[in-house]
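All remarks here apply to the structure that follows.
The values are calculated or read from the model by the stated rules, or taken from the named source; none is laboratory data. As the structure is a prediction and not an experimental result, all values here were calculated from the model. Cβ atoms come from the backbone with ideal geometry, glycine included; neighbour counts cover every protein chain shown. Quick note on the areas: whole protein, heavy atoms, side chains included, nothing else; ligands and nucleic acids left out. Shrake-Rupley method; radii C 1.70, N 1.55, O 1.52, S 1.80 Å.
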Amino acid sequence: TLEERISSLETREEELRKLWQEQCEVLSRARQAAAPRLASKILDSLRFLELENSVFEIRIEPKAGGADGCDKVNFLFSSAGGALKELAKVASGGEISRIMLSLKALMAKTMGMPTLIFDEIDTGVSGSVADRMGQMICSMGGDMQVFAITHLPQVAAKGDAHYVVSKSQLADGRAASTV
């Protein structure tokens, strides 16, 4: 019965492969539909965070299939309205911080997260941009619990409660954090 079993498994593999391909196509269509809306919302946030001339686009291209579908999702960015390039290659630390905050703020709204922890999301920014990031983080606190680890007074000033977190070296060589 080995040949029958192999044939049965090959048939089942083909059925599953077709089902997987159909799901890849559904996911791809959903990504294609959502990408312009998501990019527009991120761009609105970036403009609020003083990247007024920035351009942000989500480009979806086909790729060999895997666990995450058959699409390669690229975030393209230009801070000055020039040619779009891959975000990871052209964005500064401060720009990455603002984009990450924008993405996380959108995800938090749509996914109904109960708690969000930001660990120095404000790296690379200061002044009025830090103040605006603090405003965004504070407004998220209306819908969820938000912890923001920061060294910036513009961000910390927006918080309702403040805690000092410190790390020390124990006698046995281990590190201990205290709040």
Residues of the range 85-116 satisfying the condition of being among the acidic types (Asp, Glu) and more than 24 Å from Asp131 (Cβ to Cβ)
Glu86
Tabulated pairs, the range 77-90, first more than 17 Å from Leu38 (Cα to Cα), second open to solvent by less than 80 Å² (accessible area, probe 1.4 Å) and assigned to a loop (DSSP other than H, G, I, E, B), C-beta under 7 angstrom, 6+ apart or interchain:
Ser79/Leu51; Ser79/Ser54
Mind listing whichever residues of the range 25-77 are open to solvent by 20 Å² or more (accessible area, probe 1.4 Å), of a type in the set (Gly, Ala, Ser) and over 30 Å from Gly134 (Cβ atoms)?
Ser28, Ala30, Ala33, Ala64, Gly65, Gly66, Ala67
Given (1) small (Gly, Ala, Ser); (2) within 13 Å of Val55 (Cα to Cα); (3) open to solvent by less than 70 Å² (accessible area, probe 1.4 Å); (4) more than 16 Å from the chain's Cα centre (by Cα), identify the lone condition not met by Ala80.
(3)
The listed residue being aliphatic (A, V, I, L, M) and closer than 30 Å to Ala148 by Cα, out of Ile6, Ile96
Ile96
Within the range 44-96, residues part of a loop (DSSP other than H, G, I, E, B) and either touching a Lys or Arg at 6+ places or on another chain (Cβ under 7 Å) or not small (Gly, Ala, Ser) (or both) come out as Leu49, Glu50, Leu51, Glu52, Asn53, Asp68, Leu84
